[in-house]
1. Which residue pairs have Cβ atoms closer than 8 Å, lie 6 or more positions apart in sequence or on different chains, and pair a first residue in the range 44-67 that is without any contact (Cβ under 8 Å) to a residue 40 or more places away in the chain and part of a helix (DSSP H, G or I) with a second residue that is of a type in the set (Asp, Glu) and crowded, with 17+ Cβ neighbours inside 10 Å?
2. Tally up the residues in the range 165-205 that are at pLDDT below 95, out of contact with any strand residue (DSSP E or B) (no Cβ under 9 Å at 6 or more places or on another chain) and outside any helix (DSSP H, G or I), please.
3. Which condition number does His150 fail, the rest of (1) outside any loop (DSSP other than H, G, I, E, B); (2) touching a helix residue (DSSP H, G or I) at 6+ places or on another chain (Cβ under 6 Å); (3) at pLDDT 95 or above; (4) of a type outside the set (Ser, Thr, Tyr) being met?
4. For the list (1) in a helix (DSSP H, G or I); (2) crowded, with 19+ Cβ neighbours inside 10 Å; (3) not aliphatic (A, V, I, L, M), I need the number of the one condition that Arg332 fails.
5. Tell me whether the range 301-312 contains one or more residues that are among the β-branched types (Val, Ile, Thr), over 19 Å from the mean Cα position of the chain (by Cα) and assigned to a loop (DSSP other than H, G, I, E, B).
6. When you look at Val85, is it surrounded by fewer than 24 Cβ atoms within 10 Å (Cβ to Cβ), modelled with pLDDT under 90, of a type in the set (A, V, I, L, M, F, W, C) and more than 18 Å from Met224 (Cα to Cα), yes or no?
7. Picking from Ser344, Ser304, which residue would you name as being surrounded by 16 or more Cβ atoms within 10 Å (Cβ to Cβ), farther than 14 Å from Phe250 by Cα and touching a helix residue (DSSP H, G or I) at 6+ places or on another chain (Cβ under 9 Å)?
Amino acid sequence: MLEPDDILRHHPLMIRIPSLFAVAGFAALMTPSFLPAQETTRLEWSKRASEIDSRAKEHPAIDFVFTDEKGKPRDLQHASVDPKVKAGGKLVIWLMDHNGGLAERVNSYGLHYIQVSYANRWFSKLTKEQLNDGDTLGKIRLEAATGEDHSPIVEIPQPDGLKERAFQFVQWLDKESREGDWGQFIARDGRELDWEKVILAGISHGSTTSARFAIHQKVDRVVMFSGPRDNTETWQGMKSATPANRFFGFTHVLDGGWTADHYCRSWLLLGLNEFGPLVDVDAVKAPFENSRRLITNADVGGNSGRAHNASVPGGAAVKDADGKFIHEAVWRYLFTHPVDQTGSPVPAEGDCEVNQVAK
């Protein structure tokens, strides 16, 4: 059964030092707290989806609106790149609330980053029966991602799905900044993104939708923090457009999604045991036996809620005695490890309950 923390907001607690000028009225050169000041020249942008595309609409029935009760924008999207870092030619699309710490890191790896606002707030509106009927969640996730009719429960048109929102945002960025070189991620026909240059990433609810979309649409890579879930469904075992060796997962063993076998189940259905064993990143150094299934038992004070969010940069992530995050090598590995370098196949773990029903 899915838990409320699937829709938690993730806000990193990072120190940022603005430069002398701004880009697009908001963005500025930023200095990540984990890199020397002279090594970064990041550019950032922020723009509301409703200002980019006039076709974008609100969906009050699923609590997807452009402003909250206090008038604060809820459709604000973020993008960043460091043009001075050797470009990797890949675009990370983050499927949860903007995570500045993660953006800083993927930019330092030579990757572009965008966080997209799309109609994804349907989760809390479903009944318990729909959440656990073994069929509903995957269909809604796919409709929210594609803007195509995959579910009878929601109506999410193309302009409000992830796929089109990301495309419109990249087009806008391409017009705003020649230095950012955003046009490289637009397909030759100019009608959509070049998805084989895209790294889908998210945590919890976002990692689950990332995996669902990647099964439908071939992408370069999927990075799944604290996920995927949908533990009564079997879409994770469908024939995938994205090869299985391109899925990477990382979670804390005290996370409720792990203790309930939601994550290990999804990883097995995705076939990730074909590329190595479960690897404790606190005991094994990079490249972590080239595995796709990484776990941590780092000290989170026994707090399962913190454990859920400890997999990504931010306030819940674990630091060492010097105040530095202990999983820097893990984050770099997840986004940059060559997909053709894999670990040896291992049998499915017998203690992971794959055939789950609602409890």
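1. If the second residue must be of a type in the set (Asp, Glu) and crowded, with 17+ Cβ neighbours inside 10 Å, the pairs left are Ser50/Asp75.
2. 1
3. Result: His150 passes all but (1).
4. (2)
5. Kept after step one, since they are among the β-branched types (Val, Ile, Thr), are these residues of the range 301-312: 312.
Of the ones still in play, those that are also over 19 Å from the mean Cα position of the chain (by Cα) are none.
No.
6. Numbers: surrounded by fewer than 24 Cβ atoms within 10 Å (Cβ to Cβ): yes; modelled with pLDDT under 90: no; of a type in the set (A, V, I, L, M, F, W, C): yes; more than 18 Å from Met224 (Cα to Cα): yes.
Criteria not met by Val85.
7. Details: Ser344 fails: surrounded by 16 or more Cβ atoms within 10 Å (Cβ to Cβ).
When all the criteria are applied, what remains is Ser304.
The rows are residues; the columns are (1) among the β-branched types (Val, Ile, Thr); (2) out of contact with any Asp or Glu (no Cβ under 8 Å at 6 or more places or on another chain).
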position	(1), (2)
Phe167	no, no
Glu196	no, no
Ile199	yes, no
Ser204	no, no
Ala211	no, yes
Gln217	no, yes
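The values are calculated or read from the model by the stated rules, or taken from the named source; none is laboratory data. Bear in mind that the values here come from a model prediction, so they are computed numbers and not experimental data. With ideal geometry, Cβ positions are generated from the backbone for all residues, glycine too; neighbour counts draw on all protein chains shown.
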